[in-house]
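One structure below.
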Number of protein chains: 2
Amino acid sequence: MDDISPIRAKSGTNQEGTSAHNRRVMIEALRLNGALSRADLARATQLTKQAVSNIIEDLESDGLVVALDAVRKGRGQPSTPYRLVPEGAFAIGLQIDRYLTRAVAVDLVGSVLARAEANLPFDEPSRGVEVILGLIGGVRRELAGISSQSEERLVGLGVAMPGPFGLKNSDDKWMMPAWQKFPLLETLAAGTGLNVGLQNDAAACATAERIVGAAHGVDHAVCLYVGYGIGTGLILNGELYSGGHGNAGEIGMALLAPAGSGSTPLEHRASLASLYQHLDLNPADDDIYQQMNALVVAEDPKMMAWIDGAAHDLRWSVHLIETMFDPQTVILTSGAPETLARRLVEAMHPLLPSIADRPGRTLPRLQLGTTDPWSIALGAAAAPISRAFDPLFSAILKTRSRGA
Amino acid sequence: MDDISPIRAKSGTNQEGTSAHNRRVMIEALRLNGALSRADLARATQLTKQAVSNIIEDLESDGLVVALDAVRKGRGQPSTPYRLVPEGAFAIGLQIDRYLTRAVAVDLVGSVLARAEANLPFDEPSRGVEVILGLIGGVRRELAGISSQSEERLVGLGVAMPGPFGLKNSDDKWMMPAWQKFPLLETLAAGTGLNVGLQNDAAACATAERIVGAAHGVDHAVCLYVGYGIGTGLILNGELYSGGHGNAGEIGMALLAPAGSGSTPLEHRASLASLYQHLDLNPADDDIYQQMNALVVAEDPKMMAWIDGAAHDLRWSVHLIETMFDPQTVILTSGAPETLARRLVEAMHPLLPSIADRPGRTLPRLQLGTTDPWSIALGAAAAPISRAFDPLFSAILKTRSRGA
DNA sequence: CTAATTAAGTCAAGCGGATTGACTTAATGT
DNA sequence: ACATTAAGTCAATCCGCTTGACTTAATTAG
């Protein structure tokens, strides 16, 4: 943000930027299409066969892609498809929530190779960070047992925790104030030696949906995450959008009505926190997941009432999201059991009319995404993978040689 | 959207892409910083002095930049600053509204060189397009009188009209249904021989603020436009965001409450259309602008009541915008007289609390942008300029050679 | 009044990486 | 058997940024 020089300008680029971009384009193409021959890649990327050949050769020798058996399809020489090598890169993802933390190790294609979770002392980062470093260490050792090259190929550590970040009055218990003040990224970077990045939990969910879920290959998607809090992860133009200060999509803070008086934040009505309160459940219980599931299966009246109320507000949230972002699809994800999430989605129908209500849709306006409680950690891990391998505008720019 | 090939991939790039990007980076740097020497540009863009020299030389011979007098500043050889040449490029902007149409010609730096307006027969595109072509022709001739090279240097025609576009049930009078169905872009392209692009009026406003207004050099800004309808133009990551189907930011369609019953679209309460209705004014009146201004100056009670009501809803809109997009600033623009817009902004304070309410802000949360009724046409004209000269990700990509 | 220093900008060779066009290889169709 | 079609390689070329030495022109130190 703050430059020494007052001159505002974007970076230029050079052949290295070109090459970096083209490599990333190849990787993305293989990720989205499974396996492609060099000729396919040349056609799809507009590059010449020769350029593609050189790049693929590089990627192969870097261990990022591998040739499959040649396939005959009609006339002409058979083509040799290439696919991504999952073991070509790894990343660690970390979810920090109010009462627990989870760490996962994923590979280049987003498969989870190791996972671990632990309870976290509430809002005590200095103790919590010890737990976290232990967890990361464990996952990392497990990963080393799977691939001998795991350490060299570890591209980073992605952290996801509830936002918003950096606000004025963050001594609201809700927002884990002690964690907000704690120098988390620095501590984790020092403790692990990895590049560390941070995003909020909803953004992590969107990243997860993008790499292995319903948003795979969709350029404009919004992921509505119903967890302890509620938020949205925004995929705009094929990239995660995080706003001017990393807090874009924090819809949980949205007031439900223009009025100053009767207006509540959405989060207080349509989050799992509100469910816990409504049903008098303890979110710190180990079997909270099972408890919720049982109540849904039993069609417990209080649960059903909560679902109806939450669906009412969420329906409107989807309407707003569609109106503001014009996405191709909205994906509801949740830390709740799938039975509950599915009920919620059902209760949200029929959806409110909006600009998304257009002829010729291919994707549903609202779909249920993953409800795996591990998906936030997975999304956190996917972020460094994406930063390292996806075609991003920023990736072509020359980087300022970082002076002390 | 629909490719012949089912393979999904981004385009690659090559030296031409590199060069194109670097040229655009130079132009943007000069636009944002006024005048810079080659050495300044080299530092700002991370390129070498030599690369910058070559690019500047090219730009100079293309007539896009020009050297100023050398300036001495401390030791060393004096530097020669360069600035953009306004006459380096031109574009035409067209605003189509319900009752009138405006056309402007602008230059590379966004100065308006010619303007013309005309009444438009309501929702009769086949007759309207004749008026429009006449208007464009007039502006174009006027431009030719100013610059002999205007025709060669005309980069395109930008059109702005009220959105949203392409919806299902667009026989709502409000939405100019006949225009929605009319093959406008094709007709204008054929009639003018120019590249034609379309955006909604709020997006055009944002584009105008970006090129010459409050959003100049701001990467994340939302422009809230209060016109006959109401909408937002989104500047995200320094580029206009238009969503999956070009309708992002159509906040006028947003329902004001989660409830299905008592919920009205924002547009019906906080737009000039609602003002006209409330005060029983005729928007087709030629002196409607003066009428509104007089009512504000006289502090007409009905006008004041409308302002209070609209401010109430707009305050909440700003809250929602901040919550969803996390912009650095929100800019209120309007087709209304400045007196009215200023009153509106004042009445919106104090703003609702939101994530934008953070320490260390440099830009105001809400500021008044331009209220010049010509700014939509200006923004429309700025769009082709931006497409041709701003550093965009899409500009580095190889373009698919367009087969018939 | 030099001489040293600092900075802008040029020159010419170098280099990275995509392009070009001819060529090879290997399949299918007639 | 031969023409056709397509995948992929080879070697030369070309484009555009980089490198490092050099020139020019100012300020500051002695």
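Considering B:LEU68, B:LEU64, the condition of being more than 13 Å from DNA strand D (Cβ to nearest atom) and in contact with a Pro (Cβ under 6 Å, 6 or more places away or on another chain) is satisfied by B:LEU68 alone. Flag not set for A:ARG72, criterion: modelled with pLDDT of 95 or more, out of contact with any Gly (no Cβ under 6 Å at 6 or more places or on another chain) and more than 7 Å from chain B (Cβ to nearest Cβ). Note on segment A:265-294: residues that are crowded, with 16+ Cβ neighbours inside 10 Å and among the aromatic types (Phe, Trp, Tyr) amount to 1. Count of segment A:113-133 residues, restricted to those that are among the acidic types (Asp, Glu) and either in contact with an Asp or Glu (Cβ under 6 Å, 6 or more places away or on another chain) or touching a residue at least 24 places away in the same chain (Cβ under 8 Å) (or both), is 2. For segment A:349-361, the criterion of a residue being more than 9 Å from every other protein chain (Cβ to nearest Cβ), closer than 18 Å to A:ALA203 by Cβ, touching a residue at least 24 places away in the same chain (Cβ under 8 Å) and not aromatic (Phe, Trp, Tyr) is satisfied by no position. No other residue among A:ILE321, A:ILE307, A:ILE331 is closer than 25 Å to B:ILE251 by Cβ and assigned to a helix (DSSP H, G or I) apart from A:ILE321. Checked against (1) of a type in the set (A, V, I, L, M); (2) within 14 Å of DNA strand C (Cβ to nearest atom); (3) part of a helix (DSSP H, G or I); (4) buried (at least 22 other Cβ atoms within 10 Å of the Cβ), B:ALA42 meets all criteria but (4). Return yes when A:LEU256 is surrounded by fewer than 22 Cβ atoms within 10 Å (Cβ to Cβ) and in contact with a helix residue (DSSP H, G or I) (Cβ under 6 Å, 6 or more places away or on another chain) and no when it is not. In short, no. Specify the residue that is nearest to A:VAL318 (Cα to Cα); the eligible residues are those in segment A:342-393 that are surrounded by fewer than 20 Cβ atoms within 10 Å (Cβ to Cβ) and of a type in the set (Gly, Ala, Ser). So, considering only residues that are surrounded by fewer than 20 Cβ atoms within 10 Å (Cβ to Cβ) and of a type in the set (Gly, Ala, Ser), the one nearest to A:VAL318 (Cα to Cα) is A:ALA347.
Picking from residues in segment A:81-101 that are of a type outside the set (A, V, I, L, M, F, W, C) and under 19 Å from A:LEU32 (Cβ atoms), the one that is farthest from DNA strand D (Cβ to nearest atom) is A:PRO86. Taking the criterion of being in a loop (DSSP other than H, G, I, E, B), away from DNA strand C (no atom under 14 Å from the Cβ) and over 19 Å from the mean Cα position of the chain (by Cα), the residues of segment A:62-110 that qualify are A:GLY63, A:LEU64, A:LEU68, A:VAL85, A:TYR99. Contact map, segment B:35-60: first residue more than 9 Å from chain A (Cβ to nearest Cβ), second residue among the hydroxyl-bearing types (Ser, Thr, Tyr) and more than 10 Å from DNA strand C (Cβ to nearest atom), Cβ cut-off under 9 Å, separation 6 or more or different chains; pairs are B:ASP58/B:SER19.
Taking the numbered list (1) touching a residue at least 40 places away in the same chain (Cβ under 8 Å); (2) out of contact with any strand residue (DSSP E or B) (no Cβ under 7 Å at 6 or more places or on another chain) in turn, A:VAL318 passes all entries but (2).
The values are calculated or read from the model by the stated rules, or taken from the named source; none is laboratory data. Quick caveat, the model's predicted, so the values are computed rather than measured. In this analysis, Cβ positions are derived from the backbone assuming ideal geometry, glycine residues included, and neighbour counts consider all displayed protein chains.
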